[in-house]
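Reading through the structure tokens given below for one structure.
The values are calculated or read from the model by the stated rules, or taken from the named source; none is laboratory data. Predicted, not measured: the structure shown is a model, and the values here were computed from it. Please note: Cβ atoms are built from the backbone with ideal geometry, for glycine as well, and neighbour counts cover all protein chains shown.
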Amino acid sequence: MWAPYDDRRPFLVLMAALIAMTWLALGIWSVSPYGRYLDHGVLEELKFSISVEYLVFLLIFVVGWTLMTVAMMLPTSMPLVTLFRRLTRQRSDRLQLVVLLVVGYLGVWTLFGALAHFGDFFVHEAVERSAWLETNAWVIGAGTIMVAGLYQFTPLKYKCLDASISAALL
């Protein structure tokens with residue numbers, strides 16, 4: 001008797017291959033002449049401007065950020081993707097829906113990366129303009145951790161958790 005076909009294995013192998021290839025691409029990129037674009041320090045070399053050089057840098061940054069998201073964030077979201085596949089397995093368009101989920105997930109993280117880049121640019125500008133901030137740069141990290149910690153006690157966090165739990169139960 002033949003065992004029923006389980007389509008999870010090819011999917012998981014494909015996702016694992018995508019993640020492994022992304023890590024490989026990042027490893028090769030990091031030792032290439034363009035590896036410096038994966039480093040935070042390049043922001044000190046290039047100043048924000050509407051120029052071809054800066055726009056190329058921004059594009060390279062966003063591509064690098066997206067690759068890092070695939071390598072590091074996609075593996076942690078696999079339970080969500082697997083749950084979504086299970087919920088949509090009876091639909092004829094399930095493959096398109098899973099692709100849209102992954103593309104949407106990566107799109108949100110890519111947009112966040114671009115926003116983080118611009119936010120970091122403004123932090124660098126503030127440090128350059130303030131001698132006090134330059135000598136007390138630790139305040140920026142401490143302030144960031146404090147804001148993240150305060151978020152843990154806001155009603156917004158609990159609303160987000162409630163919404164995600166409700167969505168998972170549907």
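Restricting L106, L115 to residues that are part of a helix (DSSP H, G or I) and either of a type in the set (D, E, K, R) or closer than 23 Å to R8 by Cβ (or both) narrows the list to L106. In segment 78-97, of all residues being touching a residue at least 24 places away in the same chain (Cβ under 8 Å) and buried (at least 17 other Cβ atoms within 10 Å of the Cβ), the one that is nearest to the chain's Cα centre (by Cα) corresponds to V81.
Could you please let me know if P155 is loosely packed, with under 11 Cβ neighbours inside 10 Å, under 26 Å from L12 (Cα atoms) and of a type outside the set (D, E)? The answer is no for P155.
Residues considered: V139, V147. Of these, the only one that is surrounded by 10 or more Cβ atoms within 10 Å (Cβ to Cβ) and either without any contact (Cβ under 8 Å) to a residue 24 or more places away in the chain or closer than 30 Å to L83 by Cα (or both) is V139. Note on segment 75-127: among residues that are out of contact with any helix residue (DSSP H, G or I) (no Cβ under 8 Å at 6 or more places or on another chain) and among the charged types (D, E, K, R), the one that is modelled with the highest pLDDT is D93. Could you run through segment 9-26 and say how many residues are of a type outside the set (S, T, Y) and surrounded by 12 or more Cβ atoms within 10 Å (Cβ to Cβ)? Final tally of qualifying residues: 10. For beta carbons closer than 8 Å, sequence separation of 6+ or different chains, a first residue in segment 116-128 that is over 17 Å from T69 (Cβ atoms) and a second that is small (G, A, S) and modelled with pLDDT of 80 or more, the qualifying pairs are V127/A137. Considering each residue of segment 118-126 in turn, none proves to be among the acidic types (D, E) and surrounded by fewer than 12 Cβ atoms within 10 Å (Cβ to Cβ).
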